[in-house]
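Structure record follows, encoded as structure tokens.
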Amino acid sequence: MSTKGETVGTGASRSTLPLKLSQLQNFCKRDPAGYKEDYDAQSRRLVSLVGILLLSPNADPSPSLVELIQFMAAVSSSSYKGEESDRVAALLMDLLVGSSSSNNGADKITQQSSASSVPLLQTTLPLAALQLHRDIRKACVSALILMRNKGAVPPLRLLQLFFQLMAVVPDKNLRECLYHHIVNDIRNINKNGKRDEKLNRTIQSFFHRIVVASAADATPGGEDSPADYAAKRAVQMTCDLYRRNVWNDERSVHILASAAASPNSSVTARALRFFLNIEEAMALDQKASEESNWAGSENIDLHLHSKKTKAKTRLILKQIKNRMKKQHERDGILEAERVDKGVEASKKLFPAIELLHDPHGLCETLLKRIKNSGSNTYKFEVKMLMLNFVTRVVGNHELTLLPLYALLQRYMGGHQRDVTAILAYAVQACHAYVPPEEVYGILKTIAHNFVTERCSGEQMAVGINAVRAICARVPSVLSGEDEDETNGADDDDVREKSTAWDVEAFVRDMAGYAKHKDRSVSIAGRGFVNFIREVYPSLLRGKDRGLVGAGLHRAGERPLRYGEVRAASGVAGADLLVAYEASKKAAAEKEDGDDDENDGWVDVDSGDEEEEIAMNDVDDDDDKSDGDAPDLVLIGEDNDEDMKSKGDEAKDEQLDLSKLSKEERANLQQEVSSTRVFTSAEFAKMNKLVERQQQARRDPRLAARLKRAKAKGEEYADMSDSDDDMSDDEDIHIKGAVNAVDIMAEAKRKRMSKAEKLEKIIEGREKWESKQRAGGSTNTEKKRKKNFAMSKFAFSTRKKVGEKNTAKQGRKQQNQQKDGRAAKKRRRKF
């Protein structure tokens, strides 16, 4: 605990004084050369105590050993950094791993780290290291962490040691300490934009080798080994660093993909949960950080009940300025999200599934493991995670994995556990490039097991919703064979196809549930009918098509067949934009002409009226000829006069696109797209025009209104040049993800938990208690707070009571008409 110190002066000497280790640490920091002998003495004392401890690791350690270890780590890493710090670090590492040769161990570790930058992991420790006292082990680890934070120990030397301790030593607190140190150390290496890519690649290679080694030695359904625990910790660290935006590159995703293919169920489950939930977790973290920053800057201490000073005034002004700055930043972020419609937000999420190097190979590995594993190999929850991941990857990358759909049919039983989630996974696995023959089996299985009268209403609603979602993702299942192909095929083939799948009969059978007595089934049936009206209304009966379906049926709306693609001839809506601009310019010229006529108005006699009208017509023609109206010149004519006349005809025709054929509109669209550079505002305007045209195609009433407005010259009067009608959807929509709640029954979906009900009640109270507008209370609030004794004889109350009595009398009369006679009173028998 104490040592002898000497005075530091010019040749003068005095009696030695007893010094504590804390005092000696201070003196060594001030004068390292003057107290080098005292430091060496403490170093020799540490070596002797460590040697005694290694001889009997079960014995209780000396109480001064923990303090001496902390002293040597602090002084060697600050005052004697270099050889002394390396020697102390090697001594502490040998003590942790149970080695007795300190110098040889230091040389061996130095040579190993210099020879190979990626060391191997040893999952065994000597008995002396396992029997080491927990206080000594914790003191050694704390000392090494202190030396690493001061830069006296390289990170790779500690990485292998700490992973070895985490894998072997059964001390939960020590494992958590080591885990947090490794994560924070890697974060500090990449802090403030200063990234050490070479060191990151080395550490990631070390993590990957740990995961691969665990996958090579693990067996499906076996017990966890120390290598498996190290692999779990490596996967957990990679997930944490990815979530904190430290490692969000392809190498980290490759580590997690290797972990997902591991036979060990715990390692696989950690990796799969990362891939399935990372986007939502990162979005929640980002939202929480923004709210915390805003909450911290929103509260301002105005010192209302304290003395006003200049310093406090400056502090208040600084806080107000900071709050205004945060408010502007927040408004800018919200405006950017509103304008970009979630594009930048989706880029910031770093979707991990899209960074997979070999998604098809990974899905095949997991699918083979699900098919070949027995009931005791993996838990049902792990199999569900595998199915969720495989279907998400198939839907996201649009893979063709045909054995998946046959496997999903095995789990689509009416009494299957978590069958709603399995139906959601089946919807996830569907995309436009799946052959319809594979989807027919899933639709038939759902129809036979769920959409039958022997099932409950909730099961039937879930089945109908699942069928609608699958048909929406694979619309080619609704498109039958063309008449030409049917006539050209053999009779046997036609008969086989007709008996295998009758699309029209299936659709009409599903549409019949729109009038089911159960509410949830009828809602699901109406949703299916509305979907068919939009996609392929010809499959429905005439009475089920409705107004929108009838309009689309006359327009010939039908989905594309499998493999069919509609090639775009130009930017969608370019022809509509030209017509819109020409109409706006013609309207502006007309207004200018009217203004000119009004300015030059002269009262004339009735006899000169016809002459004046003729003169005005001549002036209008001159104005139109001098204007700069947009026109499309037809190229390829030899005669200039014919070219000019045809150009004028094209100019007249572009204001009325309904007179153009499909080929002419396609040529016009292609020509405008190839000869013009569109701005972002013009793209937004074209999206509006295309959406308006599609709505008119679906709604005959809207088409008739537009036709009447076009006859009046007001076709585009209802459209504005502003972009204020853009949607503000703040929800995070992950590509390819399908939630089980989306296909649940409507009645089941509307049930709220106790917490949701309480939240809704509190929200209603705040809405009524807090003022939402300026001024006093409204008439509704006054009526609600009015005393009942003052309002029980009011007209509204008496009217309500009268309506109740009238309804009661009406029900009584209906019951009498049903019975055919008035109910007789029972006579009491004496």
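The values are calculated or read from the model by the stated rules, or taken from the named source; none is laboratory data. Bear in mind that the values here come from a model prediction, so they are computed numbers and not experimental data. Cβ placement follows ideal geometry from the backbone for every residue including glycine, while neighbour counts extend to all protein chains displayed. Heavy atoms of the whole protein, side chains included, go into the accessibility calculation; ligands, DNA and RNA do not. Shrake-Rupley method; radii C 1.70, N 1.55, O 1.52, S 1.80 Å.
If the condition is being within 15 Å of Leu366 (Cβ to Cβ) and assigned to a loop (DSSP other than H, G, I, E, B), then the range 235-286 contributes Ala261, Ser262, Pro263, Asn264.
Residues of the range 157-183 that are of a type in the set (Lys, Arg) and under 35 Å from the mean Cα position of the chain (by Cα): Lys172, Arg175.
Results for (1) of a type in the set (Val, Ile, Thr); (2) out of contact with any strand residue (DSSP E or B) (no Cβ under 8 Å at 6 or more places or on another chain); (3) within 22 Å of Arg369 (Cβ to Cβ), shown as yes or no for each residue.
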residue: Glu197; (1), (2), (3): no, yes, no
residue: Asn200; (1), (2), (3): no, yes, no
residue: Phe206; (1), (2), (3): no, yes, no
residue: Val212; (1), (2), (3): yes, yes, yes
residue: Asp217; (1), (2), (3): no, yes, yes
residue: Pro220; (1), (2), (3): no, yes, yes
residue: Cys239; (1), (2), (3): no, yes, yes
residue: Val246; (1), (2), (3): yes, yes, no
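In the set (1) crowded, with 18+ Cβ neighbours inside 10 Å; (2) modelled with pLDDT of 85 or more; (3) within 28 Å of Ala709 (Cβ to Cβ), Ile532 fails one condition alone, (3).
Scanning the range 117-138 for residues that are charged (D, E, K, R) and either modelled with pLDDT under 80 or open to solvent by less than 70 Å² (accessible area, probe 1.4 Å) (or both) turns up just one, Arg137. Which count do you get for residues in the range 431-465 that are buried (at least 24 other Cβ atoms within 10 Å of the Cβ) and either among the aromatic types (Phe, Trp, Tyr) or on the phi > 0 side of the Ramachandran plot (or both)? Count: 1. Going by the structure shown, is Lys348 over 30 Å from Lys232 (Cα atoms) and either at pLDDT 90 or above or of a type in the set (D, E, K, R) (or both)? Against the criterion (over 30 Å from Lys232 (Cα atoms) and either at pLDDT 90 or above or of a type in the set (D, E, K, R) (or both)), Lys348 does not qualify.
Ser292 meets the conditions (1) assigned to a helix (DSSP H, G or I); (2) exposed (fewer than 15 other Cβ atoms within 10 Å of the Cβ); (3) touching a helix residue (DSSP H, G or I) at 6+ places or on another chain (Cβ under 9 Å) in every case but one. The failed one is (3).
Of the candidates Arg665, Arg692, Arg676, the single residue that is farther than 28 Å from Glu534 by Cβ, open to solvent by less than 90 Å² (accessible area, probe 1.4 Å) and at pLDDT 75 or above is Arg676. Return the residues of the range 31-57 that are over 20 Å from Val141 (Cβ atoms) and in a loop (DSSP other than H, G, I, E, B); say none if nothing qualifies. Across the range 31-57, the qualifying residues are Asp31, Pro32, Ala33, Gly34, Tyr35, Ser56. Cβ-Cβ distances below 7 Å connect the following pairs, each with a first residue in the range 272-283 that is without any contact (Cβ under 8 Å) to a residue 60 or more places away in the chain, a second residue that is assigned to a helix (DSSP H, G or I), and a separation of six or more residues or different chains: Ala281/Arg243. Among residues of the range 141-156 being under 38 Å from the mean Cα position of the chain (by Cα) and among the hydrophobic types (A, V, I, L, M, F, W, C), the one that is modelled with the lowest pLDDT is Leu156. Scanning the range 669-682 for residues that are within 24 Å of Ala717 (Cα to Cα), touching a residue at least 24 places away in the same chain (Cβ under 8 Å) and in a helix (DSSP H, G or I) yields Gln669, Val672, Ala681, Glu682. Under the condition of being within 36 Å of the chain's Cα centre (by Cα) and among the small types (Gly, Ala, Ser), the residues counted in the range 689-719 number 1. Within the range 780-796, the set of residues being surrounded by 10 or more Cβ atoms within 10 Å (Cβ to Cβ), over 51 Å from the mean Cα position of the chain (by Cα) and not in a loop (DSSP other than H, G, I, E, B) comprises just one member, Ser791. Taking the range 435-456 as the range and being assigned to a helix (DSSP H, G or I) and either more than 31 Å from the chain's Cα centre (by Cα) or more than 18 Å from Val521 (Cβ to Cβ) (or both) as the test, the residues that pass are Pro436, Glu437, Glu438, Val439, Tyr440, Gly441, Ile442, Lys444, Thr445, Ala447, His448, Asn449.
Right, Val8: touching an Asp or Glu at 6+ places or on another chain (Cβ under 8 Å) and either at pLDDT below 85 or not in a helix (DSSP H, G or I) (or both) or not? Criteria met by Val8.
The set of residues from the range 27-84 being open to solvent by less than 40 Å² (accessible area, probe 1.4 Å), closer than 18 Å to Met147 by Cα and more than 54 Å from the chain's Cα centre (by Cα) comprises Cys28, Tyr39, Gln42, Ser43, Leu46. When Val578 is tested against (1) within 34 Å of the chain's Cα centre (by Cα); (2) surrounded by 19 or more Cβ atoms within 10 Å (Cβ to Cβ); (3) over 28 Å from Val439 (Cα atoms), only condition (1) is not met. Would you confirm, using the coordinates I've provided, whether Val211 is crowded, with 21+ Cβ neighbours inside 10 Å and farther than 25 Å from Pro126 by Cβ? The answer is yes for Val211. The number of residues in the range 407-430 being open to solvent by 10 Å² or more (accessible area, probe 1.4 Å) and touching a helix residue (DSSP H, G or I) at 6+ places or on another chain (Cβ under 7 Å) comes to 10.
Here Gly775 fulfils each of the conditions (1) in a loop (DSSP other than H, G, I, E, B); (2) at pLDDT 75 or above; (3) not aliphatic (A, V, I, L, M) apart from (2).
Scanning the range 535-556 for residues that are surrounded by 16 or more Cβ atoms within 10 Å (Cβ to Cβ), modelled with pLDDT under 85 and either under 33 Å from the mean Cα position of the chain (by Cα) or assigned to a loop (DSSP other than H, G, I, E, B) (or both) turns up nothing.
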